[in-house]
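The values are calculated or read from the model by the stated rules, or taken from the named source; none is laboratory data. Worth saying up front: this structure is predicted, and the values here are computed from it rather than measured. Because the Cβ atoms are built from the backbone with ideal geometry, glycine has one as well, and the counts that use them run over all protein chains shown.
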Amino acid sequence: MQLPKLTPPADPHVVQDFFVPVFWGITDADEIAAFARAMAKRMAGGVHFADNFLSWGRNNSMFDDQPFMTAWQGNLGDHAIDQATVWRRYILACAGYHAVQIEGDFVECGCYRGTAVKVVVDYLGGPEFPRQFWAYDLFEHDDSDPHHAMPEHGPDLHAQVQARFAGYPTVRIVRGRIPEVLRAEAPQKISYLHLDLNQVGAELAALEMLFDRVVPGGIVILDDYEWSMGYRPQKLAEDPWFDARNYRVFPLPTGQGLVLKR
């Protein structure tokens, strides 16, 4: 495959600001947004404010990567969260850029609507994506599940995600509960592993099943690792799990965690 190419920004002196007021864990989103807008006027530029993440004086490099922008914008739809999480998506795209150059399949556990998978695949060739990409989810939710429901969980979601990847022959949408489904269908070698399961038991089970299959040089992204609030139990359980194997998780300001496999 031909890897996406970086091109110089049209104006090297201009850094794009990004302001999408989508937040969690607050009581008054409008008040927080107004405060941040007022603060941004006093900042040097290179502002990012979205996804519970305010920074300034940053290059916001994702907006200089035109192939990524094409992939990201092509998968926004009408979901504000997909716009707000652009930095998280770029972390995944950069991880994919690295992982597609070594042996191993791509895996995402907790694909939901498939947006994160599709941004990465579209960034790295679209229908010509050269690796097998395994995308797992239950696609439905009931009150007995330990993780919280998402708005589009339901009996139609699985078919909708399958239809979204029609014409993408290397993407496999797999329905089932972790870890059981991994015992039935999972690759032996993995270069890219993205876990976004929103609950500690399933993530530890996925790590137990899949981490040893990640090849040296492979990348693991934990979507919830550096989020507190309802997600802190995942970090508290995953830290000793990785420590027992002499690994440290890179905590990212996006709320993700990153692990480089030796």
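Listing for the model above:
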item	result
Any pair with Cβ under 9 angstrom, 6 or more apart, that starts in region 236-251 at a residue that is in a strand (DSSP E or B) and ends at one that is of a type in the set (A, V, I, L, M)	PHE250/LEU258; PHE250/VAL259; PHE250/LEU260; PRO251/LEU258
Count - residues of region 1-36 that are surrounded by fewer than 10 Cβ atoms within 10 Å (Cβ to Cβ) and outside any loop (DSSP other than H, G, I, E, B)	1
Selection from region 180-219 of residues that are under 15 Å from GLU108 (Cβ atoms), part of a strand (DSSP E or B) and not hydrophobic (A, V, I, L, M, F, W, C)	SER191, TYR192, HIS194, GLY218
Residue tally, condition part of a strand (DSSP E or B) and either of a type in the set (Asp, Glu) or touching a Pro at 6+ places or on another chain (Cβ under 8 Å) (or both), over region 108-136	2
Total residues in region 37-50, condition surrounded by 12 or more Cβ atoms within 10 Å (Cβ to Cβ), more than 25 Å from the chain's Cα centre (by Cα) and aliphatic (A, V, I, L, M)	3
Any hit, region 97-107, residues being in a loop (DSSP other than H, G, I, E, B), within 22 Å of ALA206 (Cα to Cα) and charged (D, E, K, R)	yes
Total residues in region 180-201, condition closer than 24 Å to ARG232 by Cα and crowded, with 22+ Cβ neighbours inside 10 Å	5
Boolean, VAL214 is touching a Lys or Arg at 6+ places or on another chain (Cβ under 7 Å) and touching a residue at least 40 places away in the same chain (Cβ under 8 Å)	yes
Top-ranked residue of region 129-158 - restricted to ones that are at pLDDT below 95 and of a type in the set (D, E, K, R), ranked as surrounded by the fewest Cβ atoms within 10 Å (Cβ to Cβ)	ASP143
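This table checks each residue for (1) surrounded by 18 or more Cβ atoms within 10 Å (Cβ to Cβ); (2) hydrophobic (A, V, I, L, M, F, W, C); (3) at negative phi; (4) outside the structural domain of PHE23 (by TED's automatic domain parsing).
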| residue | (1), (2), (3), (4) |
| --- | --- |
| ASP212 | no, no, yes, yes |
| GLY218 | yes, no, yes, yes |
| LEU222 | yes, yes, yes, yes |
| PRO233 | no, no, yes, yes |
| TYR247 | no, no, yes, yes |
| LEU252 | no, yes, yes, yes |
| GLY255 | yes, no, no, yes |
